[in-house]
Amino acid sequence: MFSEPGRRTSGISGLSALILFLAREARSEGHVCDAQSLGQIPSLKGWWEPHDDPSFKGIYDSVSCPVWGKDWDCMLDGEATEEQRASVYNKVFKPFQCDLRPWDAQKFAQCASKKRIIMIGDSLMRQQFQSLACLTGNVSVKGEHHNWDLENIPVARERNYTARGIGGDFVIPRQYLGGFELESGARVFLRAYGRFNLSLWDDVMAEFQPLTEEDVIVVNFGAWYPRYNVHEPGDPWKAWQEDMTELINLRLSRYAATSFWRSSTATHFGGINGTMTFDKEDCQKLADAGKCPPSPLNESWYEDWMKMFLRSCGPRCAKVHLLPVFDLTQARFDAHHGNFGRGKDQWVLDCRHFCTPVVDVWNQVFYNLLC
């Protein structure tokens, strides 16, 4: 993938660069990236390029976000990265094969007027929830956001939930929960926890039963299943496949609700896969550099596996869709929180979470597929 037109990152051959350039030139103008054109299991490759307006700094001003949408803000990093921020916040994503409709809060609210949108995953799903809260700030009525375990919120506290493949006394942390309501009547909910557990899932979903055809579930688990982290106990990759098989076969495929499995996103901690190994010496070097490096391959296996699974599942999984955001995050090693100081003082530079211009596009893609 490219970081910007005419420039390629390591690991991309000249022939590949030419193919991507020709694909970009051959884009079909006016062909919308909607569910009808992209289908149930879409790919969405594309290009990040500067906005036509040099003063563009994102879809909204983060200062205007409602309190339940406040996230760590890359724009507050100070003068040292001012020029870098201008570039990061001015870029927009252009798919090769179609055009994304611009974000429209009023149209989204109208489209979702009868829906409950239930977002379940880890801290990256929390980012998507907070982005959606900011994107809909001018059409929202009320909302809330809580640190689930820290505030002892009485949701799914019936037991201690354990993770597949991790022994000992490890208990899945219940991280965040929240919700907001739009003027149209649409309601959005967040339930964020690190790893999947069927009992925890059922206890979380109990408050939303019965699910109907109007309900929409957006789900992702992946960040807590690092395939090549040598310090991780057990076999996280095997556990992830078993967990996702259980989630889809026993729950998502049987629900009346429509589900979107949001792709896992790229990380840029270094190396060919961008994977964090939690080696303190290497992490300190990364923190000292203060920048998240590009990676030529990255963690594409989560999305690839899910595509194959859904294809093999066939009609039984017709209501389970892919929300494809991996490819659009692969090139954005420049847009992680860590590039703007997060984690540097704690020696673990944050090269996993993204600044809002990237996360907002996840919701723009969601809007195009849902509406």
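Just so you know, all these numbers are worked out from the coordinates, no wet-lab data involved. Since we're looking at a predicted model, the values are computed, not measured. All Cβ positions, even for glycine, are placed from backbone atoms using ideal geometry, and neighbour counts span all protein chains on display.
A few comments on the model shown:
- Average projected area [Cα convex hull, the range 239-330], square nanometres: 7.0
- Net charge over other residues, Cβ less than 15 angstrom from the Cβ of Leu182 (K, R count +1; D, E count -1): +1
- Among His145, His231, the ranking by other beta carbons within 10 Å of each residue's beta carbon, starting with the fewest, stands as His231, His145.
- Highest mean packing comes first when the peptides 332-340, 170-178, 185-193 are listed by Cβ atoms within 10 Å, giving 332-340, 185-193, 170-178.
- One decimal place: the segment Asn229-Ala318 gains 28.7 nm when fully extended, by the rule 0.36 nm per residue minus the C-alpha distance.
- Separation of alpha-carbon centers, the range 111-136 and the range 178-232, rounded to whole Å: 10
- Given Lys291/Lys319; Lys70/Lys91; Lys114/Lys344, the pairs whose alpha carbons are separated by over 32 Å: Lys291/Lys319; Lys114/Lys344
- Straight-line reach from Lys94: taking Cα to Cα under 18 Å and skipping same-chain neighbours fewer than 8 places apart, the lysines in range are Lys45, Lys57.
- Ile217 long-range amide H proximity, modeled H, under 5 Å: Ile118, Thr258, Ser259, Phe260
- Shown is the FRET efficiency for Lys238 and Asp104, computed with R0 = 35 Å from the Cβ-Cβ distance and rounded to the nearest 0.05: 0.25.
- Spacing of the modelled spin labels on Leu76 and Asn152, each 7 Å from Cα toward Cβ, amounts to 2.8 nm.
- By the rule of a C-alpha distance below 21 Å, with chain neighbours fewer than 8 residues away ignored, the lysines paired with Lys238 are Lys307.
- Relative packing of 103-110, 196-203, which averages over residues the other C-beta atoms within 10 Å, highest first: 196-203, 103-110
- Free-standing Cys residues across the chain, given no other cysteine C-beta under 4.7 angstrom: Cys283
- The range 31-370 - Kirkwood radius from inverse mean 1/r over Cα pairs (Å): 20.5
- Here the sum of -39500 (n - 2.57) over DSSP H runs of 4 or more residues, divided by the residues of the chain, equals -9000 deg cm²/dmol at 222 nm, to the nearest 500.
- Summarising the label geometry, the points placed 7 Å from Cα in the beta-carbon direction at Lys280 and Ser123 lie 1.9 nm from one another.
- Protection proxy ranking of 216-228, 125-137 - average other beta-carbon atoms within 10 Å, highest first: 125-137, 216-228
- Coupling constants for the range 179-186 follow from the phi torsions by the Karplus curve (6.51 cos²θ - 1.76 cosθ + 1.60, θ = phi - 60°), and in residue order they are x, 8, 10, 9, 4, 6, x, 4 Hz; glycine and proline get x.
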